[in-house]
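> Dropping a structure here in structure tokens format, bear with me for questions.
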Amino acid sequence: MSPATWTPARSRDELVALCRQHWNPTAATLYALAHRTVESHAQGCEVIDEDGRRFLDFACSYGVFIVGHANPQVQARTLAQLEQAALLPWGVAHPACAAFMAKLASLLPADLDRVVIGNSGAEITELTLRAVLAAQRPRRRIVVMRHAYHGKTLGALNLLGQAGHRQPFLPLMQEVDFVPFGDLPAMRRAVTPEVAAVFLEPILGGAYLQVPPPGYVGQVAALCREAGALLVADEIQTAFGRCGRLFAFDEDPTVLPDVVLLSKGITGGHTAMAVAVMREALVQRVQSHPDFHPRWLGSDSGGSPYACAAGLAALEFIEQHELPRRARLLGAQLQAGLARAAAAHPQLVLDAPGVGLMTGLKMRNPAVETAVAAGLARRGVHAGHSLNEKAEHPVLRFYPPLTVTAAQIDQVLAALHEVLAELARRPAWTHDLANQVVKRQYRLPEGLLRRLAGSPQRGPQRGPQRGAQPFTTC
Ligand SMILES: Cc1ncc(COP(=O)(O)O)c(C=O)c1O
């Protein structure tokens with residue numbers, strides 16, 4: 001092996017300066033502003049920074065590290081595959097991929113057994129949208145939930161239920177209807193015989209974590225069946241035990257989606273992978289398109305043996321350790337604690353939505369969300385800050401690894417109690433004033449942001465100085 005040539009940044013300021021120069025100036029400034037430390041490594045439920053400070057990771061990259069960071073069982077099998085063959089050209093069969101696909105299909109209802117692999121959630125959403133339009137031609141109408149998140153690439157953006165984030169890129173596909181999540185009469189009006197598909201997160205994730213009324217998913221599935229529309233279940237956040245079941249849709253045994261989208265936890269955080277599991281009948285209809293090309297249902301770098309080995313190992317770990325059951329039990333503890341926090345501070349927290357270990361706090365406004373996330377970070381807890389300044393009442397997510405312990409949950413709840421008590425001592429109007437700043441955070445002059453951040457050093461500047469750039473996540 002050749003010696004490592006990469007030298008890590010020597011200090012946090014240097015890292016921020018490098019990020020500012022080569023990545024995104026505004027993101028670097030916000031990183032400095034939030035006084036984020038430099039992460040060094042992670043193990044189990046903990047992230048450890050360069051100074052050895054430990055953080056309980058209840059953000060988990062919005063649910064990616066479902067089996068815990070650097071899970072030894074999953075890591076060993078992933079590394080073994082890396083040494084044998086990491087990537088193979090498209091179309092080459094590999095035992096690791098075959099085993100992964102067979103395992104995944106075995107966890108889903110029998111009819112769902114065609115596995116299409118890509119790299120990101122947005123990519124797999126786009127691929128599914130193409131498949132839907134090809135199979136359902138001439139139907140083109142798509143129904144999506146208001147506030148839904150299916151990714152932000154241009155194709156996926158057609159289905160983004162967050163109007164503010166679509167606006168700059170209009171005109172997009174005209175035939176998309178957005179309906180309020182959980183509103184069955186609105187869904188009934190929208191799902192007409194012209195509809196090609198309904199894209200649905202069974203529990204709405206993103207910055208708007210929302211649990212539907214009982215029976216909602218089953219009733220949407222029935223409406224799709226009646227209208228001949230396909231049902232695409234986006235389980236990118238909800239799958240693999242996160243919500244206390246292997247998949248959120250299978251709460252109702254009558255629900256059989258035509259496509260299930262999966263990503264995030266699928267490789268246990270060892271590499272990026274996204275999957276659409278489709279029903280055979282749908283794939284056949286796509287293939288019957290006169291211009292069909294096999295690459296409609298795949299991508300060159302999607303489904304590498306490396307990713308598939310990680311996926312198989314993660315799925316086996318989830319099954320062996322009964323992580324869905326664990327999420328149900330420990331989720332009850334976390335949800336109860338969050339509900340108590342919400343009830344104690346109604347001026348800051350509006351609600352504590354959640355299912356299993358997919359939980360959160362619906363905040364008064366983005367400024368309160370930011371302040372609580374920062375207060376928790378100071379106390380050694382990472383929570384899933386939505387960074388969504390356009391959401392009126394964003395939900396700060398608590399998505400720990402499903403390997404979390406009861407003691408770790410208690411520790412987080414104690415930290416949360418302190419943070420909320422501290423914020424509650426300030427008059428409510430200060431939170432609303434702070435919100436005016438947070439709402440403009442990506443548009444404030446960079447000089448001002450840098451002063452607020454304590455003037456991190458700039459890296460050597462080559463070329464013209466760049467200004468603030470938009471930087472948003474879900
Ligand atoms: C439900 C859901 N769908 C799709 C996506 C898009 O995935 P990616 O960020 O990998 O493109 C996300 C990402 O957070 C998601 O939560």
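The values are calculated or read from the model by the stated rules, or taken from the named source; none is laboratory data. Note that this is a predicted model, so its numbers are computed, not measured. Note that each Cβ is placed from the backbone with ideal geometry, even for glycine, and that neighbours are counted across all protein chains shown. When the accessible area is computed, the model is the full protein with side chains, heavy atoms only, and any ligands, DNA or RNA have been set aside. Shrake-Rupley method; radii C 1.70, N 1.55, O 1.52, S 1.80 Å.
> Regarding A32, is this residue in contact with a Pro (Cβ under 7 Å, 6 or more places away or on another chain) and at pLDDT below 80?
Working: in contact with a Pro (Cβ under 7 Å, 6 or more places away or on another chain): yes; at pLDDT below 80: yes.
In short, yes.
> Residues of region 186-207 being of a type outside the set (A, V, I, L, M, F, W, C) and surrounded by fewer than 24 Cβ atoms within 10 Å (Cβ to Cβ), which ones?
R188, R189, T192, P193, E194
> Residues in region 167-189: is at least one under 21 Å from A122 (Cα atoms), more than 16 Å from the ligand (Cβ to nearest atom) and β-branched (V, I, T)?
Initial filter on region 167-189 (under 21 Å from A122 (Cα atoms)): 167-179, 181.
Right, trim to more than 16 Å from the ligand (Cβ to nearest atom) and you get 167-168, 170-175, 177, 179.
Of the ones still in play, those that are also β-branched (V, I, T) are 179.
The answer is yes, given that some residue of region 167-189 is under 21 Å from A122 (Cα atoms), more than 16 Å from the ligand (Cβ to nearest atom) and β-branched (V, I, T).
> Go through region 40-57 and give me each residue that's open to solvent by less than 60 Å² (accessible area, probe 1.4 Å) and out of contact with any Cys (no Cβ under 8 Å at 6 or more places or on another chain).
A42, G44, C45, E46, V47, I48, D49, G52, F55
> Give region 133-161 a look and list any residue that's assigned to a strand (DSSP E or B) and either at pLDDT below 95 or crowded, with 23+ Cβ neighbours inside 10 Å (or both), or say none. Give the derivation first.
Kept after step one, since they are assigned to a strand (DSSP E or B), are these residues of region 133-161: 141-145.
Residues satisfying the conditions are I142, V143, V144, M145.
> If you check G311 against the conditions, is it buried (at least 24 other Cβ atoms within 10 Å of the Cβ) and at positive phi? Spell out how you get there, then give the answer.
Working: buried (at least 24 other Cβ atoms within 10 Å of the Cβ): yes; at positive phi: no.
The answer is no for G311.
> Here's a follow-up. Please go through region 221-234 and pick out each residue that is buried (at least 21 other Cβ atoms within 10 Å of the Cβ) and touching a Pro at 6+ places or on another chain (Cβ under 7 Å).
L231, V232, A233
> Kindly state which strands (runs of 3 or more DSSP E) lie completely within region 5-120 and contain at least 3 residues that are over 20 Å from D300 (Cα atoms). So that I can check it myself, show each step before the final result.
On the way: elements: 39-43, 46-49, 54-58, 112-118.
Here the list reads 39-43, 46-49, 54-58.
> Still on this structure: Among the residues of region 190-209, which ones are among the acidic types (D, E) and within 16 Å of the ligand (Cβ to nearest atom)?
Correct list: E201 only.
> Considering only residues that are under 28 Å from L357 (Cβ atoms) and open to solvent by 60 Å² or more (accessible area, probe 1.4 Å), which ones fall in region 265-304?
Across region 265-304, the qualifying residue is only A272.
> Oh, and also: With the condition kept exactly as written, say whether any residue in region 320-332 is touching a Leu at 6+ places or on another chain (Cβ under 6 Å) and open to solvent by 10 Å² or more (accessible area, probe 1.4 Å).
As a first pass, look at region 320-332 and keep what is touching a Leu at 6+ places or on another chain (Cβ under 6 Å): 323-324, 326-327, 331.
If we keep only those that are open to solvent by 10 Å² or more (accessible area, probe 1.4 Å) too, we end up with 324, 326.
Yes; the residues of region 320-332 include at least one that is touching a Leu at 6+ places or on another chain (Cβ under 6 Å) and open to solvent by 10 Å² or more (accessible area, probe 1.4 Å).
> Give the residues of region 210-240 that are within 16 Å of the ligand (Cβ to nearest atom) and either of a type in the set (D, E, K, R) or closer than 18 Å to G121 by Cα (or both), sorted by residue number.
Passing the criteria: L231, V232, A233, D234, E235, I236, Q237, T238, A239, F240.
> Within region 162-272, which helices (runs of 4 or more DSSP H) (wholly inside it) include 1 or more residues that are closer than 29 Å to S106 by Cβ, hydrophobic (A, V, I, L, M, F, W, C) and modelled with pLDDT of 95 or more? Working first, answer last.
Values: elements: 163-166, 184-190, 216-227.
So the answer is 216-227.
> Do you know which residues across region 422-448 are under 18 Å from P346 (Cα atoms), without any contact (Cβ under 8 Å) to a residue 24 or more places away in the chain and open to solvent by less than 80 Å² (accessible area, probe 1.4 Å)?
P427, T430
> Is at least one residue of region 146-160 out of contact with any strand residue (DSSP E or B) (no Cβ under 8 Å at 6 or more places or on another chain), more than 14 Å from the ligand (Cβ to nearest atom) and of a type in the set (A, V, I, L, M)?
Scanning region 146-160, I find no residue that is out of contact with any strand residue (DSSP E or B) (no Cβ under 8 Å at 6 or more places or on another chain), more than 14 Å from the ligand (Cβ to nearest atom) and of a type in the set (A, V, I, L, M), so the answer is no.
> If you scan region 252-264, which residues turn out to be surrounded by fewer than 24 Cβ atoms within 10 Å (Cβ to Cβ) and at positive phi?
Listed by number, the list is empty, since nothing qualifies.
> Show the residue pairs meeting these rules: Cβ distance below 7 Å; 6+ apart or different chains; first residue within region 204-216 and within 13 Å of M145 (Cα to Cα); second residue among the basic types (K, R).
L209/R397
> Those residues that are within 19 Å of R137 (Cα to Cα) and of a type in the set (D, E), I need them from region 275-325; list them, please.
E280, D291
> Give the residues of region 99-132 that are open to solvent by 50 Å² or more (accessible area, probe 1.4 Å) and either more than 16 Å from the ligand (Cβ to nearest atom) or outside the structural domain of L246 (by TED's automatic domain parsing) (or both), sorted by residue number.
The answer is M101, A102, S106, A110, D111, D113, R114.
> Oh, and also: Identify the residue in region 1-29 that is open to solvent by 60 Å² or more (accessible area, probe 1.4 Å) and polar (S, T, N, Q) and, among all such residues, is modelled with the highest pLDDT.
T7
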